[in-house]
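Report on the structure given below.
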Amino acid sequence: MHKVLPAYLISGDEPLLAAEAADAVRARARAVGFTEREVHFIERASDWEGVRASAGTLSLFGSRRVLEVRLASARPGVAGGTVLVMLLERADPDTVLLILTPRLDRDAQSAKWVQAAEQHGAWVPVWPVEPGKFIPWLRARSRRLGLSLDAQALELLAARTEGNLLAAHQELEKLLLLGAGAQGAGALEALADSARFDVFRLSEAALAGDPGRSLRVLAGLRAEGTEPTLVLWALTKAVRDLAAALSRSGGGGRSWQRPSAGLDAAVRRAGRLSPRALIVRAARADRMIKGRLRGDPWDEMALLAADLCARPAVPAPRSMFK
């Protein structure tokens, strides 16, 4: 069994990964006899007095303990730095010191207490998952939970959670509870939140060229509080699927990865669609969602659905920026 170090410093702004790293430290410490846990939340300079007092007091039950110090800021100040250095250099054999802090910038990394943590224990920096690695991270995480999601389900989950690892993990746990198992289709249905109007019905209606049904489904999604990012993902995917089908078939015929009457209908009316207008509409809706362009993203998505149905409600925009 691996021994436990006297101290661990875990830093980073990714709550899920930082929490899991801390859980691993606590579990290992508990396995070798550090059964008591004492937690201090540091928000004000005066909070350090409690840490100092605790450090000088024996465990209430005479057992070994994990002394956990959670910092609201990566800069504990002079008083905090002094207390931390004292705790780290003392290296009490009956105490494992666990320090949790937000991300440490370059200046903070050179602080004496951080150097002491590296010298007497271990520093575990937690880095965010890069956007390009988010779907592979989701795939690996789902497999750890016993789920096997197909590419479409992973793409939907990535769009739904927008790089938020904690939210993504919660969605995966929801799938596990719902028994989606290894079936991608079941996962997609579960990810739709069992909504009466789901995003897949919206994309299929738009591809089928049914503006009335498209707008009804869109209104239902809005009323049920569905994230606009998820709705835009579905409409944008419909545009991409149509472009891919046209590219592979030379502008006609049937070529797609799964049966879709809606896509067949969209291919047949391709001559009445403007790919540029669809792309501009989608980009404008995305900028509105992110607050970079004035306007209601739901209205812009309604216009996008109408354009996809080849029933434009207003003239196509010339630019995504205004």
Taking every C-alpha to C-alpha distance in the stretch 262-312 and binning by 10 Å from 0, the per-bin percentages run 28, 47, 21, 5
In nanometres, the difference between 0.36 nm per residue of separation and the alpha-carbon distance of LYS3 and ALA122 is 41.6 nm
The simple spin-label model distance between ALA265 and SER148, using points 7 Å out along Cα→Cβ, in nm, is 3.5 nm
Per the rule of 0.36 nm per residue minus the C-alpha distance, extending ARG52 to LYS290 adds in nm 81.2 nm
Measuring from its Cα centre, the stretch 1-159 shows a charge dipole (+1 at each Lys and Arg Cβ, -1 at each Asp and Glu Cβ) which, in debye to the nearest 20, is 360 debye
With a ≥ b ≥ c from the Cα gyration tensor eigenvalues, square-rooted, and the rule rounded for a/c under 1.5, otherwise prolate when a/b > b/c and oblate otherwise, the stretch 199-308 is prolate
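Shape of the stretch 7-125 from its Cα gyration tensor (a ≥ b ≥ c, root eigenvalues): rounded if a/c is under 1.5, otherwise prolate when a/b > b/c, or oblate?
Oblate is the answer for the stretch 7-125, as a/c is 1.5 or above yet b/c matches or exceeds a/b.
Full-extension gain between ARG311 and GLN170, please, as 0.36 nm times their residue separation minus the C-alpha to C-alpha distance. Write out the running numbers ahead of the final one.
Values: separation 141, 0.36 × 141 = 50.76 nm, distance 3.90 nm.
Fully extending the segment from ARG311 to GLN170 adds 46.9 nm.
Here, each number is a calculation from the coordinates, and none is a lab measurement. Because the structure is a prediction, the values reported are computed rather than measured. Glycine also receives a Cβ, built like all others from the backbone with ideal geometry; neighbour counts cover every protein chain displayed.
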